[in-house]
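Worksheet for the structure shown next.
Please treat every number below as a calculation from the coordinates, not as lab data. Please read these numbers as outputs of a predicted model, since none were measured by experiment. Neighbour counts are summed over all protein chains in view; Cβ atoms, including those assigned to glycine, are modelled from backbone coordinates with ideal geometry.
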């Protein structure tokens with residue numbers, strides 16, 4: 001799913017993965033900072049959420065707001081299922097992703113406690 005979302009005009013652009021955790025970092029995704037801020041506000045249920053909804057609808061359109069909300073909801077669903085079941089990372093994924101998980105600070109997320 002994420003791989004497909006990085007396709008534009010049949011090519012994969014170079015993306016900055018830091019944009020996934022930092023709305024101030026240019027991810028290379030058009031309006032990525034706005035979308036990351038929206039995702040954070042939705043997950044954390046902050047007071048910024050209504051304004052971000054309005055901004056996305058204004059800048060990107062109503063359908064893109066619905067799409068963004070659907071992506072946020074889907075990822076929340078998948079994380080809750082994995083956390084609830086205690087699904088660990090397999091050894092290959094754990095080893096292959098250690099450097100970038102450390103670089104992005106993913107070990108600091110509360111849900112990291114659910115991964116052995």
If you take just the helices (runs of 4 or more DSSP H) that sit entirely in the stretch 16-91, which of them hold at least 1 residues that are within 12 Å of the chain's Cα centre (by Cα) and either within 19 Å of residue 106 (Cα to Cα) or free of Cβ contacts under 8 Å to residues at least 40 places away in the same chain (or both)? 32-44, 62-85
Looking at the stretch 94-116, which of its residues are farther than 23 Å from residue 22 by Cα and assigned to a helix (DSSP H, G or I)? 95
Which ones in the stretch 68-86 are farther than 11 Å from residue 39 by Cα and surrounded by 14 or more Cβ atoms within 10 Å (Cβ to Cβ)? 79, 82, 83
